[in-house]
Structure formats: C-alpha cells, structure tokens
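No value in this document is a laboratory result; all are computed from the given coordinates. Here the structure is a predicted model, which means the values were calculated and not measured. When we count neighbours, we look across all protein chains shown, and the Cβ atoms used for this are built from the backbone with ideal geometry, even at glycine.
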Amino acid sequence: MLKILSPADKSQPFCDGMSRRNFLKIGGLGSLGLSLPKLLALEAAAGIRNSHKSVILIYLVGGPPHQDMFDLKPNAPREIAGPHKPIGTNVAGIEICELFPKMARMMDKFALIRSLVGAQSEHDAAQCYTGRAPRGGSIPPGGWPQFGSVISHMQGSLTPAVPPFVSLCYECTHGPYNEPGPGALGQINAPFRHVGPTREDLTLQGITSDRLADRVRLLSSFDQFRRDVDSSGKMDAMDSFTQQAMGILTSSKLAEALDLSREDPRIVARYGTGDVHKRIDDNGAPRVPQSFLTARRLVEAGARVVTVNYSKWDWHGGKGNDIFTREREDFPIFDQAITALVEDLHQRGLDKDVSVLVWGEFGRTPTVNAQVGRDHWPRVAMALLAGGGMRCGQVIGSTDRLGGEADSRPVTFAEVFSTLYHNLGIDADAATFTDAKGRPHYLVENGARPISELI
C-alpha cells in the first residue's frame with residue numbers, strides 16, 4: 001500500500017548523503033530562495049525538461065542460451081549445435097533461430113551483440129542492472145547503484161505524477177536474481193515498485209485532494225523543528241517521498257499507465273499474456289509478456305527507466321528441464337512479446353526516444369551436458385537492443401566456430417551501459433555521482449565509451 005512516510009516510520013532506510021536534488025533545494029540555492037518546485041518551474045520555462053528519453057531494460061532471469069537464440073552453429077558437432085535450425089531475416093546475412101519468425105521479419109529494427117564479455121559466473125542480476133561485477137574492486141558504501149537509480153538521481157522526474165524509475169520486476173526467492181537497489185544513492189532513488197493488480201493503492205480512497213493536502217501540511221508543521229536542525233539529509237529525502245506520493249495520489253496518470261484494461265484489446269493480444277502467479281521454476285520470475293506492454297505505457301506516461309524481469313532461463317537439463325523442450329515453449333512467447341513492443345514503439349514514433357535492452361547474466365556452455373541442458377558460461381554472452389535512435393539491422397561481434405569465445409569485437413557490459421547513458425543525453429565517461437563519504441564515482445568503469453557501431 002502506498003503511504004506518505006512519517007518520521008515515526010523507522011522501517012524505511014534513507015541515504016545519509018545529500019542528493020543533487022537536495023543540494024539544489026537547501027544547499028546550493030537556499031540563499032536565493034529557490035526551492036525544488038521553483039527550480040523545476042524555471043527549468044520547464046527554459047525548456048530544459050522538454051525532451052523525454054527513456055530505457056526499458058529486460059532481464060532474462062538465469063542466463064539465456066546465446067547459441068540457441070541468435071548465434072547458432074549449425075555446422076558444429078551435434079552436441080554443440082542442438083536441434084534448432086537458423087533462418088534468414090529481412091537483413092541480408094543475419095540468421096537467427098527458427099523459433100523467432102516474427103523477429104526475423106523485422107530484424108532491421110534490432111541490433112544483436114554476439115560477443116558480450118566480462119560476465120561473472122554465478123547467478124547474480126547485479127551486473128545486468130549496474131554494469132559492474134557484483135564482487136571485487138572498490139565498491140562505494142551501500143554498493144553500486146543500479147542504472148535506473150542513477151537516472152533518477154541525475155535527471156529526476158519528468159512529471160510529479162510518474163516516478164522517474166519504475167520496476168515491474170517480480171520478487172525472486174533466489175535473492176541474487178533481484179534488482180540490487182539504489183546502493184550508494186540511497187532510497188530516495190529506489191524504483192517505484194508495482195507488482196500485481198494494485199491499481200486501487202494508487203488512488204485516493206474516500207478522501208479528497210484537499211483533505212490529503214491538509215494532512216501533508218500538518219505533517220510538515222510537526223516536522224518543522226527536526227527539519228531546522230537536521231543535517232543528515234533524511235528530512236529532505238522524506239520531503240521528496242512526500243512530494244512523489246502526493247503527485248501519484250492526486251493524478252491518475254500512473255494508475256492509468258498500469259491499467260491494461262485501458263489499452264486496445266487487440267494490442268494486448270499482440271503481446272500475449274501470462275500468469276503473474278505462476279513461476280516457471282520455483283526461484284525464477286513468472287513468464288509475463290504483458291509486462292512489456294506495461295513498460296511501454298509507463299515510458300509514454302513519463303517514466304525514464306522501466307525494468308522488467310522475465311521468465312526463467314536456467315536450463316541445466318534433467319527431468320522437466322530439457323533445454324530444447326523449454327526453448328520450444330519459451331522462445332515463441334518471447335518472440336511475440338518483444339516484437340510487439342518494438343513494433344509499437346515504431347508505430348507510435350517512440351523508436352528514437354526509447355531504448356530497449358534485453359540480456360541475462362551470462363551465456364551457456366557450447367556443449368550440451370548429459371542431462372540435456374547447457375550450464376553457466378561467463379566467457380561470452382549476447383545482448384539484444386532496439387530503438388533509442390540506434391543503428392539497428394546489424395550484428396556486432398562474433399564468436400568462434402563453437403560459440404564459446406568472442407572471436408571479434410568483444411563488447412563489455414560497461415560499453416552497453418555507456419551507450420544507454422549516451423541515448424539519454426549523459427556522457428558516462430565524464431559524469432559522476434558522489435557517495436555518502438563525499439567521494440565521486442564514474443558511472444561506468446574503465447572509461448568505457450558508447451558502442452560506436454550503434455550511435
């Protein structure tokens with residue numbers, strides 16, 4: 001249930017540091033009398049926030065099999081090639097799995113990376129959300145923030161009624177499958193989470209907007225003394241949460257975006273449907289293709305980043321988990337959903353503004369194991385991109401004849417994230433965020449630059 005936080009609510013952690021928003025509100029501009037609402041009004045008048053670039057990040061839980069999807073090796077030995085056949089696409093020279101016929105017909109609207117390197121070897125979603133390995137290196141206090149939290153911190157809300165970062169990710173019982181959170185940027189930059197049919201939580205229940213505003217003013221008066229003496233930034237974080245809650249509760253924009261009954265039923269059918277309560281595997285995410293449609297509706301409403309976790313792709317084999325049986329079941333459903341999303345973006349004129357990224361935490365072993373499955377393979381993986389004004393209709397990189405090593409143009413996770421930042425108008429090689437100890441950190445590691453083939 002969405003609620004306005006009070007100072008007595010000790011269950012909600014806050015960042016000890018000061019965000020850019022807080023600095024602008026009380027630190028850098030306090031002497032000029034420019035509060036956040038006034039600053040936003042000035043920005044709007046100057047046209048600073050008129051552009052709306054956004055990202056939909058889709059995480060395939062458990063590590064998708066790159067060599068069975070987009071990098072087939074039909075001439076390799078049987079224990080490597082698998083039973084699926086490659087088919088041609090509408091881009092000369094690009095072949096993908098025969099179970100993706102819809103994607104094959106619109107390959108000119110996708111870009112494939114076949115040579116993603118630098119993955120970690122364990123089931124952990126952190127690298128897919130942050131661009132950094134979950135362990136090792138100099139980690140800031142609180143941990144590396146995920147991509148959506150960085151965008152929330154740096155760009156803020158486009159509109160008070162819609163949070164800048166919305167998560168459609170379902171909770172997984174295997175903890176490392178879940179989003180890592182805002183890390184060093186604090187809970188003020190955590191995603192707005194919406195799982196299941198809870199539209200009623202986003203609307204006022206038997207209370208008018210005036211009465212709600214009275215309650216907020218009363219809360220503010222109770223907190224005035226603490227606000228005057230507070231130096232930790234917690235009260236300002238609370239102010240931000242209160243503002244966001246007010247924006248959500250007094251506007252129908254977010255609730256409407258989450259309500260698929262408002263969508264044309266023919267479009268809903270194009271994406272396909274899944275059971276939000278049914279897990280394909282016990283510890284994975286449910287297979288819910290309509291989440292892709294909800295993501296599109298959210299970026300249209302004003303969200304800057306939307307994250308989705310989709311199904312379970314950890315197919316080691318064994319009873320009920322034969323990889324090729326699972327692929328015959330999962331691939332066509334994914335094919336329908338992802339092509340519906342990308343087609344929608346193009347039809348609505350959003351293909352230049354909305355970047356789509358699909359990937360998992362690593363690839364799978366070239367050799368099929370004795371249980372008819374493929375195991376973890378961090379040495380090479382794949383990524384699928386679309387939109388964002390990127391140059392699509394191409395393949396970046398290649399693997400060796402067995403699909404086990406990058407043979408040309410290795411691409412790192414950091415380069416992919418640098419590309420996403422670039423698409424949002426941020427130079428990741430120059431921009432930094434500051435942790436609670438006042439230390440600056442670059443957004444990507446090793447000075448990674450955007451992928452030149454895409455921009």
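A few points about this structure:
- With the simple spin-label model, which puts each label point 7 Å out from Cα in the Cβ direction, the Ser261 to Asp375 separation comes to 5.0 nm.
- Other residues lying with their Cβ under 10 Å from the Cβ of Tyr310 contribute a combined charge of +1, Lys and Arg counting +1, Asp and Glu -1.
- Dipole of region 270-416, positive end: most advanced residue of Leu345, Ala370, Gly403 [Cβ charges, Cα centre]: Leu345
- Listed pairs Lys53/Lys352; Lys278/Lys312; Lys312/Lys352 exceeding 19 Å between Cα atoms: Lys312/Lys352
- Each residue of region 261-267 was assigned a 3J(HN,Hα) from its phi angle through the Karplus curve 6.51 cos²θ - 1.76 cosθ + 1.60 (θ = phi - 60°); the sequence is 5, 7, 8, 4, x, 5, 6 Hz, with glycine and proline shown as x.
- Gain on full stretching of the segment that runs from Arg409 to Lys102 - 0.36 nm per residue minus C-alpha separation: 107.8 nm
- Cβ-defined net charge surrounding Arg297, 11 Å radius [Lys, Arg +1; Asp, Glu -1]: -1
- Among Thr294, Thr367, the ranking by other beta carbons within 10 Å of each residue's beta carbon, starting with the fewest, stands as Thr367, Thr294.
- Taken one residue at a time, the phi angles of region 413-430 give Karplus couplings (6.51, -1.76, 1.60, θ = phi - 60°) of 4, 4, 5, 5, 5, 4, 5, 5, 4, 4, 5, 8, x, 10, 8, 5, 6, 10 Hz. Gly and Pro are set to x.
- ³J(HN,Hα), Karplus 6.51/-1.76/1.60, whole Hz, each residue of region 283-289, x for Gly, Pro: 10, x, 9, x, 8, 10, x
- Stretching Val268 away from Glu122 to a fully extended chain increases their span by 49.0 nm, per 0.36 nm per residue minus the current alpha-carbon distance.
- Relative exposure of His376, His194, judged by other C-beta atoms within 10 Å (fewest first): His376, His194
- Taking Lys and Arg as +1 and Asp and Glu as -1, the other residues whose beta-carbon sits under 11 Å from that of Val395 total -1.
- Ser138/Glu453 FRET efficiency (R0 35 Å; Cβ-Cβ; nearest 0.05): 0.70
- Here the simple spin-label model places points 7 Å from the Cα toward Cβ, and for Arg348 and Ser252 these points are separated by 1.8 nm.
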